[in-house]
1. Look through the stretch 48-96, keep the residues that are among the small types (Gly, Ala, Ser), under 17 Å from the mean Cα position of the chain (by Cα) and not in a loop (DSSP other than H, G, I, E, B), and return whichever of them is farthest from Val222 (Cα to Cα).
2. I'd like to know if the stretch 244-252 contains one or more residues that are small (Gly, Ala, Ser), without any contact (Cβ under 8 Å) to a residue 60 or more places away in the chain, surrounded by fewer than 22 Cβ atoms within 10 Å (Cβ to Cβ) and part of a helix (DSSP H, G or I).
3. Of the residues in the stretch 206-230, how many are within 20 Å of Gly106 (Cβ to Cβ) and within 15 Å of the chain's Cα centre (by Cα)?
4. Do we find that Lys49 is of a type in the set (D, E, K, R), closer than 30 Å to Ile198 by Cα, loosely packed, with under 13 Cβ neighbours inside 10 Å and touching a residue at least 24 places away in the same chain (Cβ under 8 Å) in this structure?
5. Of the residues Lys9, Lys25, Lys40, only one is of a type in the set (Lys, Arg) and at pLDDT below 95; which?
6. Which one is surrounded by the fewest Cβ atoms within 10 Å (Cβ to Cβ) among residues in the stretch 25-46 that are of a type outside the set (Lys, Arg) and assigned to a helix (DSSP H, G or I)?
7. With the condition kept exactly as written, say whether any residue in the stretch 6-24 is under 20 Å from the mean Cα position of the chain (by Cα) and either part of a helix (DSSP H, G or I) or without any contact (Cβ under 8 Å) to a residue 60 or more places away in the chain (or both).
Amino acid sequence: MRPIKYIDKNEILKRFKPVAFDTHKGIQGHALIIAGSYGKIGAAVLATKSCIKTGCGLVTAFIPRCGYHILQLANPEVMVYTDDVEKRISNINIGFHPNAIGIGPGLGISPQTQKAVLNFLKKNYYPMVIDADGLNILSKNPEGLAYLSPKTILTPHPKELKRLVGDWQNEEDKMAKTISFSIKHNVIVVMKGAPTHIINGSYVYQNSTGNAALATAGSGDVLTGIITSLLAQSYDSLDAAIIGVYLHGLTADLALPEMGTQSFIASDIIQYLGKAFLSLEKKKG
């Protein structure tokens, strides 16, 4: 393991690319978010909204049929494809080529959904973020790790990480096992926590933003959308992960004086993304 690199604002500004004044939606990237099941369509709502609020030109959701009206009403800017099955994803069939994909929030782990996700991963070779039940499906079907394109981004919380890499004795052992996992499968692991670490093989990056306000339902779904959006906008996987985690934490830091920790919810992360970007763009200029 190399020395941990600390990610502060100066490090982000080296990687951040302001939007060109003459851009248009056709060159700002098209992201696909595969998410949701009956009772968990909110995960798809949060991930798609954060994706488009992070600057992606076009965002399409692939969800179960039961979520169609919910998502169209909640996020009118997002296009929607639905599965043939009402309450869960059973067969992921899309008619376009996205620039990046986020998969996993709220999917559930029914046998039908597990099979659909594994078949999709096997046949599709796009820049990708895998979160939540996408990670749980890989834990139950580790052969699926071989299907991932190089530098796929995995975003586990501690329990999801444990299912992927196995139990650990202490923080040092946890880090060592995650590094080994990243090297073996050639993936980037966003090890969510306080602080969050981004692990790219033997290189480890420690995020500097965020506070206890982020410990709220849906926070990870929002992070999936943010990172997927950056991938679709042609950031490489490592930069997308690093900038995405930084922005995600920064929203909570900006909101803290106004909202405190208790009342901050995942939707507020999305609400404060504009201020987070403005803080970078002013410094960049």
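The values are calculated or read from the model by the stated rules, or taken from the named source; none is laboratory data. Keep in mind that this is a model prediction, so the values were computed, not measured. In this analysis, Cβ positions are derived from the backbone assuming ideal geometry, glycine residues included, and neighbour counts consider all displayed protein chains.
1. Among those residues, the one meeting the criterion is Ala61.
2. no
3. Residues flagged as within 20 Å of Gly106 (Cβ to Cβ) and within 15 Å of the chain's Cα centre (by Cα) within the stretch 206-230 amount to 14.
4. Numbers: of a type in the set (D, E, K, R): yes; closer than 30 Å to Ile198 by Cα: yes; loosely packed, with under 13 Cβ neighbours inside 10 Å: no; touching a residue at least 24 places away in the same chain (Cβ under 8 Å): yes.
Taking the combined requirement at face value, the residue does not satisfy it.
5. It is Lys25.
6. Gly26
7. yes
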